[in-house]
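Note sheet for the following structure.
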Amino acid sequence: MGHDDRAPARGTGGAVGATPIVRFEGTGRAFGAVRALHPSDFAVRPGECVALVGHNGAGKSTLVNLVNAVFPPSEGAVVYDLPPGAAPAGRSFEAGAVRARRAAGVRAVHQELSLAPNLSVLENLRIAQRDLAGRGWRRRASDRMRASLDAVFPGNRIPTRAVVGDLALAERQMVEIAMGFADGMEPARLVILDEPTSSLDASVAAQLVAHVRAFCASGGAAIFISHMMAEVFDIADRIAVMRDGRIVEDRPASAFTQRSLVAAMGHVAPEATAAARAAPSGPDILGADHGLSARAGEIVGLAGLAGHGQAEALSRLYLALSSDWRAAGAPRAAFVAGDRARDGLFPLWSIRRNVSAAGLGRLVRRGLVDRAAEAALARDWKARIGIRTDDLSAPILSLSGGNQQKVLFARALATGAPVVVMDDPMRGVDVGTKAQVYDIIRAEAGAGRTFLWYSTEMDEIRLCDRVFVYRNGRIGAELRGDAITGEAIVASSFEMEAEA
Amino acid sequence: MTALLDRPWIWAWLAAIAAFAATAAIGQSQGIAGLLVAALTFSAFTTLVGLGQMFVITLGPGNIDLSIPATMTLAATLSLKFMGGAGALALPGFALALAIGLGAGLANYALIWLLRIPPIIATLAASFVYQSLAIWSNRGLRIKPPEILSDAMLGRTLGLPNVAYVALLLCGLAWVVLERARFGREVTAIGQNPRAARRVGIPVERVRCATYVLCAALAALAGFLLACFSGGAALNMGQEYLLSSIAVVVIGGSSIGGGRSNVPGVPAGALFLFLVVSMLNSYGLGAGVRLLLTGIIIVGIVALGARPRTAE
């Protein structure tokens, strides 16, 4: 498959010629209309440690989930190297691929901790290893777990009979990693490590890196996902770079430098055709203790990898500007939710009531809601933002996701609040609507409104006048004007070590 | 007609009418008019506490006020003791009853908010305190209400009991508050999605506090009126209102999960509850069968009213 013109020759790492433990043959995956992974070729051979890098949404998780047989590919195939005498593949995906994956010795250590917190360490191991059954299983499980923990993390003091919920976060992560390497019915041959060091401190992380290298040297293989550049170069002998659902580079680690790797990950899509905007000057109208600040009329972006504290910062800021006890006549801020169901929608209400929910104070006459004014407001915003419906009294859930999001935008903009806080609000919104909303945001900012905008999409971040890049819950960098580029944001999202 | 059948409260009204017809059909010692007056009178008290419970339940899962019976008893006991049968003190006594309701509501919410106790536990625990206060204050002595008040409660206007007019008036007010006022919008918003409610600028804690206070005030009012009606406060006077306050909300078609409620269903549920018991009584059924049938009938009504409906 000519999946990508730019993709160079594939993996030349550790053991050329050996049968790959897992091999993609033009394997791709789409979710409905969304293309998560373009048809790609990819293979991991015994003795290789492959680092998988890329920005959020580049397709890393999709690739890993295909290797791990979480879901079947939409096209192509995932071929495992089965030991002789392994059970023949079954008919269904579940019976076939999952069993083949297990027989091939492919294990995964997840990014989100996936242990059952109410069970002990041993009971969690039993879930993964079906042969731990019958009399004396605890003893066998304990032997395996102890051996693996001591091999990967020498000197650890994790009790294997402890309930997982009682362990510290780092200990849980260590248990999960050790489970990945533990002896079992099928020995581990390929271990997938998805950001395994994010909750480990440096010395423990170094133990892991050392273990993975030893594991690969003795014929095992690993797929390692990390956002820490130094670690990637420490551990990997091959690096696969993903961008926009494609494997764009797949070369020996020695062929990269930290800079060239960041450049390969960076978004180099054509610049958004946004007309130049004079960045507002003037004093900050709001600031948060961790360094976030904004001027009147400014569009301030919060960038960085997902889950590095942007949403929490926005939430704290908004909650500080509003109150649990006082109802503001004129709200100081309005909030646009990205997680619609959790933070935005009132599912039993009509579209009209959902639009008017935030600015309700301005529609109240003598304690009663002025329903004529409410209807006018909803009609006005239906026209301005293009909510596709014939009937504003229809239930909000009758709208498509994108239109529901428009309702949330209309709700926030209609309040007249001087500050609008947006928590990655463009999820599930189609391109046309996005362009429309960008225009509205720029127009409103021009009229003096301040926008605080958390986004994981580079195109949106480039619309901002100023960008704060978050890393590990703190602001790692502040970029302005022309300095806001994909490369600069990626560079400051990732931990750069001495070389940079 | 389909629009009418879509109303969640219509089933409660149909059931109440059916129960009335079934009871009236086999003849009553008191006659049809007597049955109607009795039904309107007793369901009026249930309606008052049911309205308060409805607002609380609308706040969403976990919100419930189990202190209604104790609040009724405490407000009735203290205000009747204060008046001591003196008609001149009728108005201050009435105000005292409402003030006690206000205090009970604030105390309930203080437990819920400050100590983060789930409402079901907080209000139940508080109700023991209120009940003890009532016992301690008059040691079981039954003090008669001022004559002017008991006359007003027992009296009729245009053939219908006065207390029914009170309930009707409060239903009207509750409807306006729920459907037209800002407060009702805020309560319904919180019941659907408290996180989103906070993020559209609704002062969530204040609204919840006001709702618990409103519920306790209505309970206090019901207790005061009931004591005047029945010739004095009794320590167990609120007992039956614990479950019936919740039952009328559910029978009336409000969502037990919060966020959707309706006022017309509450009086219908109250009438139905009273009539179903008198119907089974007049058919001469034993206590066991009566309870069994009451349960089955309530489940049937709730199931009929619980079909999915459209917004607004």
- Which percent, nearest 5, of DSSP beta bridges in the protein assembly as shown are antiparallel? 50 percent
- Given the Cα-Cα distance of A:ASP370 and A:ALA263 and 0.36 nm per residue of separation, how much length would full extension add, in nm? 32.9 nm
- Message: Under the √(5λ) rule applied to the eigenvalues of the Cα gyration tensor, what semi-axes describe the equivalent ellipsoid of segment A:350-416? Give them in Å, descending.
- Response: 20, 12, 10
- Query: Which sequence of A:SER218, A:SER492 reflects their accessible areas, 1.4 Å probe, from the largest down?
  - Reply: A:SER218, A:SER492
- Message: Among A:ALA43, A:ALA334, B:TRP9, whose Cα projects farthest towards the positive end of the dipole of the protein assembly as shown, with charges put on the beta-carbon of Lys, Arg (+1) and Asp, Glu (-1)?
- Response: B:TRP9
- Query: Taking a spot 7 Å from the Cα of B:SER132 along the direction of its beta carbon, which residues of segment B:51-78 have an amide N less than 16 Å from it?
  - Reply: B:70-71, B:74
- Query: Using DSSP loop states and a limit of at most 11 other Cβ atoms within 10 Å to flag trypsin sites (Lys or Arg not before Pro), what is the longest stretch of chain A containing no flagged site?
  - Reply: A:158-325
- Inter-label distance for B:ASN236 and B:LEU14, nm, one decimal - labels placed 7 Å from Cα along Cα-to-Cβ: 3.8 nm
- Query: Mind checking Rg over Rh on segment A:22-265, alpha carbons, Kirkwood formula for Rh?
  - Reply: 0.96
- Task: Using only Cα atoms, find the angle between the long axis of helix A:401-414 and the longest principal axis of chain A, and express it within 0 to 90 degrees, rounded to the nearest 10.
- Result: 40 degrees
- Task: Mind grabbing the accessible area of A:THR19 for me, 1.4 Å probe, Å², rounded to tens?
- Result: 80 Å²
- Query: Could you give the longest part of chain B that holds none of the trypsin sites (Lys or Arg not before Pro) found in DSSP loops with at most 12 neighbouring Cβ atoms within 10 Å?
  - Reply: B:140-312
- Find the relative contact order for chain B and round it to a whole percent, using C-alpha pairs within less than 8 Å whose residues are 6+ positions apart. 37 percent
- Note on the structure: With +1 on the Cβ of every Lys and Arg and -1 on the Cβ of every Asp and Glu, the dipole magnitude of chain B about its Cα centre, in debye rounded to the nearest 20, is 580 debye
- Item | Degrees, to the nearest 10: A:137-152 long Cα axis against longest axis of chain A | 80 degrees
- Using helices alone, what [θ] at 222 nm do you get for chain B, with -39,500 (n - 2.57) per DSSP H run of 4 or more residues, divided over all residues and rounded to the nearest 500? -24000 deg cm²/dmol
- Task: Treating the angle as unsigned and between 0 and 90°, give the value, to the nearest 10°, between the Cα long axis of helix A:310-321 and the longest Cα principal axis of chain A.
- Result: 30 degrees
- Query: Rank A:SER281, B:SER79, B:SER230 by accessible area, highest first, at a 1.4 Å probe radius?
  - Reply: A:SER281, B:SER230, B:SER79
- Taking the convex hull of the alpha-carbon atoms of segment A:381-465 and averaging its shadow over every direction gives an area in square nanometres of 5.5 nm²
- Message: About the Cα centre, and with charges only on the beta carbon of Lys, Arg (+1) and Asp, Glu (-1), how big is the dipole of the protein assembly as shown? Nearest 20 debye, please.
- Response: 1960 debye
- If you take the beta carbon distance between A:SER254 and A:ARG316 as r and set R0 to 41 Å, what does 1/(1 + (r/R0)^6) give as a FRET efficiency, to the nearest 0.05? 0.40
- Could you calculate the contour length gain from B:ALA287 to B:LEU154, that is, 0.36 nm times the residue separation minus the distance between their Cα atoms, to one decimal place in nm? 45.0 nm
- Task: Whole number please: convex hull volume per residue, Cα atoms of the protein assembly as shown, in Å³.
- Result: 229 Å³
- Out of every Cα-Cα pair in segment B:2-305, what percent are more than 34 Å apart? 21 percent
- Task: Kindly provide the Kirkwood hydrodynamic radius of segment A:241-383 in Å, to one decimal, from all pairs of distinct alpha carbon atoms.
- Result: 20.0 Å
- Task: Hydropathy first: keep DSSP H helices in chain B averaging at least 0.5 on Kyte-Doolittle, then drop any whose Cα extent along the axis falls short of 24 Å, and list what survives.
- Result: B:31-58, B:90-114, B:119-138, B:162-179, B:204-229, B:265-282, B:287-305
- Message: Rounded to the nearest 10 Å², what accessible area does A:ASP194 have for a 1.4 Å probe in the complete protein model?
- Response: 20 Å²
- Compute the separation of the alpha-carbon centres of segment A:287-334 and segment B:80-133 and state it in Å as a whole number. 40 Å
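The values are calculated or read from the model by the stated rules, or taken from the named source; none is laboratory data. All of these numbers come straight from a predicted model, not from anything done at the bench. So basically every Cβ, Gly included, is an ideal-geometry build from the backbone, and we count neighbours across all protein chains shown. All accessible areas refer to the heavy atoms of the entire protein, side chains included, with ligands and DNA or RNA removed. Shrake-Rupley method; radii C 1.70, N 1.55, O 1.52, S 1.80 Å.
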